[in-house]
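Read-outs throughout are calculated quantities, based only on the coordinates presented, and are distinct from any laboratory measurement. What you see is a predicted model; the values in this text were computed from it and never measured. Positions of Cβ are backbone-derived with ideal geometry, glycine not excepted, and every protein chain shown enters the neighbour counts.
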Amino acid sequence: MSKIDKNAPVGVFDSGVGGLTVAREIMRQIPEERIVYFGDTARLPYGSKSKDTVVRYSRQIIRFLRTRDVKAIVIACNTASSYALETVAGETDIPVIGVIEAGAKTAVQATRNGRIGVIGTEGTIGSGIYTEVMRRMRPDIEVFGKACPLFVPLVEEGLLHDSVTDEIASRYLSVLKGKYIDTLVLGCTHYPLLRSTLGRLMGEGVTLVNPAYETALELKALLRERGISRDPEAGRNLPEAPDGSLDEERYQFYVSDLAEKFTDFARSILPNEVKETRKIDIENY
Ligand code: DGL
């Protein structure tokens, strides 16, 4: 892309619905920006896949998003950010950001005792990336990672407030409680949806960090810095469809499978109505 169009959308992708927690923050923080969201619902989960596979998937998704003329890309998935950000960012001429730096920075600023817990998929925790990034920011920090593989299916099943979720969460978190952490990074797209359960189990003294929030702020700053922010007035002037839903062009949703299921989930967590989700064959990219 030689000259970046300010009115072009931002591409946001994830392995599935979880990245909508990041899209939701972007919608809240920079409502004027347009978004093309892609959820790789056919190939989820990424959390238990190898680095090579996640890099290959991420490259395909970026090729697809480029066909939608996006001006920047946010890798909303923690696993894809851990495994693929560095590689794919070096291969494209538009800005690409992930969620790890933002989450790590917030946690390092929040901790008082220098002991931080990180929960995420097996891929994210196994990569050690949160520890690496936080230690680069503050070398004396102690980081304790814990993979919580059952959280994603629990969220996908809608068991956000359920005794089964409570039981599993308390088992996972007991390891971290024994480490006297005062800050916990929710290092997976799905975990902010379990925030109340996690907060209750960790207790008031532990600050929960949602990287989605900081990522939206980082995107806002990045677009401004590059001079490619959309005029806030442009967002306000967007027409609403007769049924009250937002202009379809403002937020577009694509998946690789199960479009209707995605739409139902998206409608349950996004502040604005989701009109439709289109299914594409990502293997073609
Ligand atoms: N989006 C993934 C992440 O944030 C969680 C779901 C998956 O394993 O694909 O790591």
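A few remarks follow.
- Take each peptide in 60-67, 82-89, count the other Cβ atoms within 10 Å of every residue, and average; sorted highest first, the result is 82-89, 60-67.
- Counting only lysines at least 8 places from K146 when in the same chain, those with an alpha carbon closer than 21 Å to its own are K49, K51, K105, K177, K179.
- Debye, to nearest 20: dipole size of the range 1-85, +1 on Lys, Arg Cβ, -1 on Asp, Glu Cβ: 240
- Note on T53/V175: beta-carbon distance plugged into 1/(1 + (r/R0)^6) with R0 of 35 Å gives a FRET efficiency of 0.80.
- When you filter the trypsin sites (Lys or Arg not before Pro) in the range 82-135 for DSSP loop state and at most 12 other Cβ atoms inside 10 Å of their Cβ, you are left with R112.
- Neighbours of V164, meaning other residues whose beta-carbon lies under 13 angstrom from its beta-carbon, give a summed charge of -3 when Lys and Arg score +1 and Asp and Glu score -1.
- Peptide packing for 161-174, 37-50, 215-228, 8-21 was compared via the average number of neighbouring C-beta atoms within 10 Å per residue; ordered from the highest value, the list is 8-21, 37-50, 215-228, 161-174.
- For A89 and E157, the difference between the fully extended length at 0.36 nm per residue and the C-alpha to C-alpha distance is 21.2 nm.
- Spin-label zone in the range 82-99 - amide nitrogen under 16 Å from a point set 7 Å from the Cα of R66 along the C-beta vector: 85-97
- Qualifying lysines (Cα of each under 20 Å from Cα of K3; at least 8 residues distant if same chain): K71, K220
- Restricted to Cα atoms, the range 85-219 shows a radius of gyration and a Dmax of 14.8, 47 angstrom.
- Two-site FRET efficiency, N284 against E132, from Cβ-Cβ distance with R₀ of 35 Å, rounded to 0.05: 0.50
- Pairs of Cα atoms farther than 25 Å apart, the range 4-147, %: 29
- Net charge, I116 excluded, C-beta distance under 10 Å - Lys, Arg +1, Asp, Glu -1: +1
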